[in-house]
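First the structure, in the form of structure tokens, and then the observations on it.
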Amino acid sequence: MKKLILWDLDGTLIDTLEDLAEAVNYALKLRGLPLHTVDAYRKMVGHGVRNLVQQALEASLREQPGHAGEDGGPNRVPPAEVDTALAGFKAYYQAHIDVHTRPYPGMPELLTELQAKGVKMGVASNKFQEGTEHLIKEFFPDIPFVAILGNRPGYPLKPDPKIVEEVLSQGGIGPEDAVMVGDSPTDMRTAANGGIEAIAVSWGYRTQEELAGNRMVNSVEELRKQLLGFYVSDPLSTPPTPFKTKLQQLVYKTFAAKQIPFTRVDTDPGITMEDCQHIDAKIGIHIVKTIFLCNRQQTEFYLYVTSDDKPFVTRDFCGALGIPRVSFASADKLWDLTGVRVGATTILSAILPEAANVHLVMDKRLADAEWFACTDGTPTCFVKIRTQDLLDKYLEGKTLTLIG
């Protein structure tokens, strides 16, 4: 886990595009120039507001008949005209800076969690300083950033590494312990120039093609994993609160009624094999793999419990049971008959009335093991019990077929 995170602002922490577009269009309208769509501004932002206004002016001039350069290239707007338009933009933008602007969903919570973990954070933006400070203080008032740095007179813009050096200096952190998170190639170059790692986010103002070749995430949850690692709680011996599904509640009610001791861990959604390895390490054994199957007519259904590293071979499974060919059942049937969504399939569903006619199948070597661990019906909680308690108490009265 890195000790300091440098955040880009626009397109990374918050979505400012619509307010920026309206402010530039206001400056263009004062000059009687063609306006641009919000989407057209995506490629203009990120290099400071002066550059933004200049690009918008030049694009508007290109749309006017008789104003293209002799070589068909862009019109160059005199610096004085850019200054005048920039003043109009700033006056409007400062008065309307947060009309549409909002943090990206999940970002305030992520920053709060990072703060609680002791991670230092700074902002490195090409937005003018006053606007950068205003938006950070409005949308993240409780985060004690070590530095909030925007476009300031006498300081170079990103991708110059000076802004990285400033944040590291104010945070007292070396480059090896820092990472920059941004939405543009400019942010990626800034990190490289400053000698720190970088993570690109795909929800901002640049396309995935423009960010290709960089370490990239497509959601705040993915970013959280990159910054904090896969979360697994310390082992717990009490039920979760609140319960997330009817099945989860029934599982722990059954444990209590049948006096089945358990250990569980709360986790991030377990998706990859690497995620499962983190869970295995905390809970002390390998989590089993449970597969939901059905015949072609969808009249017979099977919950098959096997080892996490054992590939499923249809021929072997069907041969062991002496049944016709089966395949994976649909997500709808999984929910209707076992009360779980994809990623949380578990033999613990057997206690549901809806699962009364679902066949229970388990590899024999799992039944012979001392301990058994699986999801409790959610993808974010995994439970460990003695295998004998599962077979003799939890599944009491159920028919379980052992194979292999």
> Roughly what percent of Cα-Cα pairs across segment 253-371 reach past 19 Å?
Replying inline: 53
>> Which entries of Lys2/Lys43; Lys225/Lys398; Lys120/Lys384; Lys244/Lys398 have Cα-Cα distances beyond 28 Å here?
In response: Lys2/Lys43; Lys225/Lys398; Lys120/Lys384
>> Please give the Cα centre distance for segment 371-399 versus segment 158-187, rounded to the nearest Å.
In response: 48
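For the chain, what does the helix formula give at 222 nm: sum of -39500 (n - 2.57) over DSSP H segments with n ≥ 4, over the residue count, nearest 500 deg cm²/dmol?
That calculation yields -10000 deg cm²/dmol at 222 nm.
Report the FRET efficiency, 1/(1 + (r/R0)^6), for Ser219 and Tyr155, where r is their Cβ-Cβ distance and R0 is 35 Å, rounded to 0.05.
On the way: r = 33 Å, r/R0 = 0.94.
So the FRET efficiency works out to roughly 0.60.
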> So how far apart, in nm, are the two label points at Ala80 and Ile291 if each is 7 Å from Cα heading toward Cβ?
Replying inline: 7.7
> In nm, to one decimal, how far is the Leu400 label point from the Ser237 one, both placed 7 Å along Cα→Cβ?
Replying inline: 2.3
>> Over 36 Å apart: what share of the alpha carbon pairs of the chain falls there, rounded to a whole percent?
In response: 46
> Using Cα atoms only, what is the angle between the long axis of helix 107-116 and the major principal axis of the chain, expressed in degrees (0 to 90) to the nearest 10?
Replying inline: 70
> Tell me, what is the FRET efficiency for Lys137 and Ala320 to the nearest 0.05, using R0 = 51 angstrom and their Cβ-Cβ distance as r?
Replying inline: 0.20
> Length gain on complete extension for the stretch Lys310 to Ser330, per 0.36 nm per residue less the alpha carbon to alpha carbon distance?
Replying inline: 5.0 nm
>> What is the distance in Å between the Cα centroid of segment 307-327 and that of segment 190-246?
In response: 36
>> What does the extension gain come out to for His96 and Asp177, with contour length at 0.36 nm per residue minus their alpha carbon separation?
In response: 25.4 nm
> Helix 185-194 sits at what angle to the longest principal axis of the chain, using alpha carbons and giving 0 to 90 degrees rounded to 10?
Replying inline: 90
>> Place a point 7 Å from Cα of Ala356 in the direction of its Cβ. Which residues in segment 369-404 have their backbone N less than 15 Å from it?
In response: 397-399
>> Can you give me the distance in nm between label points at Leu30 and Arg341, each placed 7 Å from the Cα along the Cα-to-Cβ direction?
In response: 4.9
>> Could you work out how much longer the chain between Thr299 and Lys364 gets when fully extended? Use 0.36 nm per residue separation minus the Cα distance between them, nm to one decimal.
In response: 20.8 nm
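Quick note: the coordinates plus some simple rules give every number you see, no bench work behind them. Quick caveat, the model's predicted, so the values are computed rather than measured. Every residue, glycine among them, receives a Cβ derived from its backbone with ideal geometry; neighbour counts consider all protein chains shown.
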